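The values are calculated or read from the model by the stated rules, or taken from the named source; none is laboratory data. Keep in mind that this is a model prediction, so the values were computed, not measured. Positions of Cβ are backbone-derived with ideal geometry, glycine not excepted, and every protein chain shown enters the neighbour counts. We work out accessible area using only protein heavy atoms, side chains counted, and drop any ligands, DNA or RNA first. Shrake-Rupley method; radii C 1.70, N 1.55, O 1.52, S 1.80 Å.
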Amino acid sequence: MKEKMDQYFGITASGSTFKRELTGGFTAFLAMSYVIFVNPIILGQAGMPKDAVFMSTIISSAIAMLIMGLWAKFPLGLAPCMSMNAFFAYSVVLQMGKTWQEALASVMVASVLFLLLAFSGARSKIIKSIPVTVKQAGTVGLGIFIAFVSFKNSGIIVPDEGMFIKFGGFDNPNVIIAFFGIMTAAFFLVRKNQYAVFLGMIGAAVCGLFIRFGVSMDWFHLSPEVVATLPKLPEGSPIVIPTEPMNAMMNETFMVAFKNLDKMLSLDSIVVILTFLFLDFFGTATTLSAAATQVSDIKQENFEDNKRIYSADALGTFFGSIFGTSSLSTYIESVSGIIAGARTGLMSVVVAGLFLLSAFFYPVLSLVTPAVTTPAMVVIGIFMMQNITTIKWDGGFEEVIPAFLTIVMMPLTGSIALGLVLGFLSYELCMIFAGRIKEIPKVMHFITLISIAYLFTI
């Protein structure tokens, strides 16, 4: 059995081991697991039943990762994308006035369009037409973005009226937990330990448990609201049969998207569909570009030409719309599994299994808080930041300006899509200004027009 699995996934051939794949899968799961609890909260604000979203998040993510692992045979995790569930809830439902049922139908149509692009030559042409400078800048910007978000979620940075943001301070125990985890990961990174990301999160969780224990022993004095944010051991039995969430999903969100497809012909619905498609398409492209830099023995072109990777993303979104959640996307957090040593699709299968198990053992996930995942996000940001050396800084301002705008606008606007759009537009304009319009691929002109249209939707 072990030999067949080795041959099927190519574990030995890729220079990996079963231990690395399992550790990478567990590491990626810990880094991604927050989505299981955050997604129901965000979509719940759009009126969706939280129990149903909890279960649909788990099932759709598991299906997508099984497709990625068993069919695409690649070490990447997929789950409902945080930027797209925010667009789903706050823009489509709360601002545009669409029902969440109509929003799910929009997600379904966008996933079908994405799947058609994935299996056609159009998708490959589009990706190859994107300037290398913008793609690498997107990777750098995304690394800064996720580090920024993790700093915010753990309280390391907080809003400030005068300077917009400031350091949160060590009076917040989550800041201590996050920094302890970062320093733990740094220790093992410096010592070239391939499990640095995983050990960093373990260190953060242990630190959090110690602080919680100290509060119970009256060593520290924290408010009940702060204590509630700390990692904690599960109360009672760690095994819970998820009967209620499963029933809620089957009764309230399952197949709802199909029933609302007849409402997708209006102009505003078409705009919503194209925006979902845009976010998913380029978000996946940027994430794959980032992942490619972490697998030295796989060429960048192999990522860009791999129809199965993009198809797994599209199929995941399709199944997500059926069960009842917003668009799925390849998770940059899952790169932590690659950094931990995983190289094959077995990692994705492991993550899928852990997602399914989390429905039964979800009390154990009380150990995983935003502060605990911060070390993983920071390490990913560090690795992605290294791509800044591949940008053609000496290639003229027509290369520098798009790279700069892409990098800084992603974290400063909180939008990966907007950062890419501004990169595309500035590249086209700067190449025209430089008299190099003939060097611009024809597909880039189309991307520019789509980018301009996108600006009118925000």
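Contact order, relative form, for the range 315-458: 13 percent (alpha carbon pairs under 8 Å, 6 or more residues apart, mean separation divided by residue count). Each residue, residue 129 and residue 364, gets one label point 7 Å from its Cα in the Cβ direction; the gap between the two is 4.8 nm.
Fully extending the segment from residue 94 to residue 453 would add 127.1 nm, taking 0.36 nm per residue of separation and subtracting the current Cα-Cα distance. Hey, for a label at residue 240 modelled as a point 7 Å past Cα toward Cβ, could you say which residues of the range 354-369 have their backbone N under 11 Å away? Under 11 Å, as judged by backbone N against the label point of residue 240, lie 359-366 of the range 354-369.
Close amide H contacts of residue 79 (hydrogens built in the peptide plane, cut-off under 5 Å, sequence separation of 5 or more or a different chain): 329, 331. Surface composition of the range 318-458: carbon plus sulfur atoms contribute 75% of the solvent-accessible area (1.4 Å probe, protein chains only, all chains present). Taking θ as phi - 60° and the Karplus parameters 6.51, -1.76 and 1.60, the scalar couplings of the range 99-106 work out to 7, 5, 5, 5, 4, 5, 5, 4 Hz in sequence order, x denoting glycine and proline. Rolling a 1.4 Å probe across the protein heavy atoms gives the chain an accessible surface of 43 Å² per residue. The translational diffusion coefficient of the range 218-287, from Stokes-Einstein at 10 °C and 1.306 mPa s with a Kirkwood hydrodynamic radius over alpha carbon pairs, comes to 90 µm²/s.
For a paramagnetic label modelled at 7 Å from the Cα of residue 247 toward its Cβ, which residues of the range 36-62 fall within the zone defined by backbone nitrogen distances under 15 Å? Flagged as within label range: 51-52. Of the solvent-accessible surface of the range 7-68, computed with a 1.4 Å probe over protein heavy atoms with every protein chain present, carbon and sulfur atoms account for 66 percent.
Total lysine pairs in the range 1-136 at Cα distances under 27 Å, for residues eight or more apart or on different chains: 10. Enclosing the Cα atoms of the range 170-292 in their convex hull gives a volume equal to 229 cubic angstrom per residue. Report the net charge of residues surrounding residue 437, where surrounding means a beta-carbon distance below 12 angstrom and charges are Lys +1, Arg +1, Asp -1, Glu -1. Charge balance near residue 437 sits at 0. Extension gain for residue 161 to residue 446 (0.36 nm times residue separation, less C-alpha to C-alpha distance): 98.5 nm.
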